[in-house]
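Notes to accompany the following structure.
The values are calculated or read from the model by the stated rules, or taken from the named source; none is laboratory data. Model, not experiment: these values are computed from the prediction. Virtual Cβ from ideal backbone geometry, glycine too; neighbours counted across all protein chains shown.
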Amino acid sequence: MNQKLLKIFKEIDLYFITDDKLTKRTVFEDVKSAIKAGVKIIQYREKEKSTREMIEEAAQIKELCKNKAIFLINNRIDIALAVKADGVHLGQDDIPYEIARSLIGGKIIGLTVHNVGEAMKAEKLGADYISVSPIFETKTKFDAGPAIGIESIKDIKKSVNIPLIVIGGINLENIDDVIKAGITSIAAISAIVTKDDVEGECRKFINKLKNNQTPKIKR
């Protein structure tokens, strides 16, 4: 990974993911608000638009992120390559890591994992970071699977040395439990984009993480 991007990645608090179906505005406006709040990583996730529409929208978001935030595309390597994004995020059922790496070269690849075995495999493959999901029950992603709970986070965190982000049902009411588990980077979707003030909600999460977390380990 580019050393400049790696440095930024290790400072990530809130990982922002777009959701065109849940937002009250547009994903473009949401990303603008998130960046204004201080978010340093943006993932564009879209499941239903045409490839052309996704390229156009992703290109606009990439411009917003320029020199301000890492920009990743969910699943779609073709979109990431088309708009020259910083990388992609892949699930367990998406294109295999080895093929993705051959296509995207040295760009960032993040992998979703659900247990210690998947986490260790992701690190061995060479993933730049992992996203552990779902911590709590969530309705945002219908195929997310059963909640794995706080204890599983601790076990996964102990098993790998690459950056780890947790996602799934996280909100301002339960984030303290996540922080107590030693997690310093989280993603929340519905708890942010369904609100009237996306920038304000992002700031609340970032402040929670900054004010309550233990110092980040320098690797």
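Some observations on this one:
- Within the stretch 181-202, tally of residues that are under 24 Å from Gly110 (Cα atoms) and either among the hydroxyl-bearing types (Ser, Thr, Tyr) or part of a helix (DSSP H, G or I) (or both): 7
- Hits in the stretch 14-30 - residues which are under 10 Å from Val193 (Cα atoms) and hydrophobic (A, V, I, L, M, F, W, C): Phe16, Ile17, Leu22, Val27
- Pro163, sole failed condition from (1) over 29 Å from Tyr97 (Cα atoms); (2) touching a residue at least 60 places away in the same chain (Cβ under 8 Å): (1)
- Residue within the stretch 131-139 that is acidic (Asp, Glu) and modelled with pLDDT of 95 or more present: no
- From the list Gly117, Gly91, Gly87, the lone residue that is in contact with a Leu (Cβ under 9 Å, 6 or more places away or on another chain) and closer than 22 Å to Ile135 by Cβ is Gly91.
- Unmet requirement for Asp19, which otherwise passes all of (1) crowded, with 20+ Cβ neighbours inside 10 Å; (2) within 24 Å of Val132 (Cβ to Cβ): (1)
- Filter result for Glu48 (within 18 Å of Asp20 (Cβ to Cβ), of a type in the set (Asp, Glu) and over 15 Å from the mean Cα position of the chain (by Cα)): yes
- The stretch 179-214: number of residues that are more than 21 Å from Thr138 (Cα to Cα), in contact with a Lys or Arg (Cβ under 6 Å, 6 or more places away or on another chain) and among the hydroxyl-bearing types (Ser, Thr, Tyr): 0
- Selected residue (only one of Lys68, Lys107, Lys84 is touching a helix residue (DSSP H, G or I) at 6+ places or on another chain (Cβ under 8 Å), among the basic types (Lys, Arg) and either crowded, with 20+ Cβ neighbours inside 10 Å or within 29 Å of Glu173 (Cβ to Cβ) (or both)): Lys107
- Matching residues, the stretch 58-109, being in contact with a strand residue (DSSP E or B) (Cβ under 8 Å, 6 or more places away or on another chain) and polar (S, T, N, Q): Asn74, Asn75, Gln92
- Single condition Arg25 does not satisfy, out of (1) assigned to a loop (DSSP other than H, G, I, E, B); (2) more than 24 Å from Ile130 (Cβ to Cβ); (3) in contact with a Leu (Cβ under 8 Å, 6 or more places away or on another chain): (3)
Rundown of residues vs (1) more than 17 Å from the chain's Cα centre (by Cα); (2) farther than 23 Å from Lys210 by Cα, yes/no style:
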residue: Lys107; (1), (2): no, yes
residue: Leu111; (1), (2): no, yes
residue: Gly126; (1), (2): yes, yes
residue: Glu137; (1), (2): yes, yes
residue: Ser159; (1), (2): yes, yes
residue: Leu172; (1), (2): yes, no
residue: Asp176; (1), (2): yes, no
